[in-house]
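One structure below.
Just so you know, all these numbers are worked out from the coordinates, no wet-lab data involved. Nothing here was measured: the structure is a model prediction, and the numbers come from that model. For neighbour counting, all protein chains shown are included, and Cβ atoms are generated from backbone atoms with ideal geometry for every residue, glycine included.
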Amino acid sequence: MTDDQGDPRRTESLVSVVVPTYGRDTIQFQDAIESVRDQTYGHIELVVVDDSSDDISSWLDSHDDWFTAVKRIRDRDHDGAAAARNTGIWNTRGEFIAFLDDDDRWHPEKIERQVATFRSAGEETGVVYTALEYVREGEVLRRASATTSGDVTKRILMGTSLGTFSTLMIRSCLLPVAGFIDDRFPVLEDREWCLRLSKHCQFEAIDDQLVRYRQGDHEQLTDDFRALRDVAVPLFEQKHRPLAAAYGPACERAFLASLYQTCVTSGLSSGLYGEARRFALRSLAYDPTNRQTWMTLVAALGGKYTYYPLRRARRTVHHLANQFTSD
């Protein structure tokens, strides 16, 4: 571990990077940490929360000179990623906190650009997030933009996505007022936390894909769907439907429609087409004008015979659009 006395980086704000890991392939984990090492911003504290093999521990020990400070916390209970992130947060000391999933990667300029955005945006900004690209086995599946800024509470309630934990950087001073991550959520915990954070600050977006988010395999997607259907969606509705209703009937309907739409998308990805159809109809009951829900319903109607051709067509459109944009 390095001593920052006499190090010019000490004049920069300390950014704490929280990385939860559990049972991750060592190569993927190292790849994620190396993307933190490669940041153009220098004053970084790395906090790894894990219950993994000794290989990760010894590898971190041999590379602790990459960062201003390194903390490794053993998570013997393994109560899930949200609880691990909270453990990491408790052990940070940075002005800003960023999160990286142990199989994702950052663009080298991510932290530098987020800190610069905080400085230019002012004290009212508490969260800066970036766009991202979704990848599986090295293939870019799609790219997501980041354009929603300012007071984003109503937008989140109505279904606007602000990315994943790996895109977020927050001011640590928000924690006493907004609270930590709700670890009762097995999924959707990033969206739920962003909603609570948004009630206390402004958000700023960087519309560049500075995060590569690795999509899970089929087994993981199926587990995620069940957790979404049985735990996350009911809990999200219970916690935040009153707030949506306070914004008016239109917001409440959009809130419920967007929640059920997450089950549609997850069900399709898991091959659970009957579940996807069921939740699509529930979503359309609250918002019959949503074109995305109608498209996913059509995709689910014929099972794999409609879903896979439509998915390939969508990816082709995304690929052509990205090529056109880059040209």
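Ranking Ala116, Val19, Cys201 by Cα position along the charge dipole of the stretch 8-214, where only Lys, Arg, Asp and Glu carry charges on their C-beta atoms, puts Cys201 farthest toward the positive end. Computed from backbone phi, the HN-Hα couplings of the stretch 125-140 come to 7, x, 9, 10, 10, 10, 6, 8, 10, 9, 10, 9, 6, x, 8, 6 Hz, rounded to whole numbers (Karplus: 6.51 cos²θ - 1.76 cosθ + 1.60, θ = phi - 60°; Gly and Pro given as x).
Where only DSSP H runs of four or more residues are counted, the chain gives -14500 deg cm²/dmol as its mean residue ellipticity at 222 nm, each run worth -39500 (n - 2.57).
Amide H to amide H, with H built 1.01 Å from N, Phe99 comes under 5 Å of Val18, Leu168, counting only residues 5 or more places away or on other chains. Taking amide H as placed 1.01 Å from N in the peptide plane, the amide H of Thr130 sits under 5 Å from that of Ile206, each at least 5 places away or on another chain.
Mean separation of Cα pairs under 8 Å and 6 or more residues apart, divided by the residue count, gives the chain a relative contact order of 16 percent. Taking Rg/Rh (Cα atoms, Kirkwood Rh) as calculated from this structure, the corresponding entry among (1) 1.20; (2) 0.97; (3) 1.00 is (2). Here the simple spin-label model places points 7 Å from the Cα toward Cβ, and for Asp31 and Arg74 these points are separated by 2.9 nm.
The residue list Thr164, Val187, Val152 was ranked by how far each Cα lies along the charge dipole of the stretch 8-214 toward its positive end, using unit charges on Cβ atoms, and Val152 comes out on top. Extension gain, Glu124 to Ser58: 0.36 nm times the residue separation minus the Cα-Cα distance gives 19.7 nm. Percent of C-alpha pairs per 5 Å bin in the stretch 201-285, short distances first: 3, 14, 18, 17, 17, 16, 12, 3, 0. Each peptide among 117-130, 35-48 gets the average number of other Cβ atoms lying within 10 Å of its residues, and from highest to lowest they stand as 35-48, 117-130. When only the Cβ of Lys, Arg, Asp and Glu is charged (+1, +1, -1, -1), the dipole of the chain relative to its Cα centre reaches about 1820 debye. Each residue of the stretch 92-102 is assigned a 3J(HN,Hα), and the resulting list reads 8, 9, x, 5, 10, 10, 10, 10, 9, 5, 6 Hz, derived from the Karplus form 6.51 cos²θ - 1.76 cosθ + 1.60 (θ = phi - 60°), x at Gly and Pro. Close amide H pairs (under 5 Å, H built 1.01 Å from N) link Val135 with Leu141, Tyr213, Arg214, Gln215, residues at least 5 positions away or on another chain.
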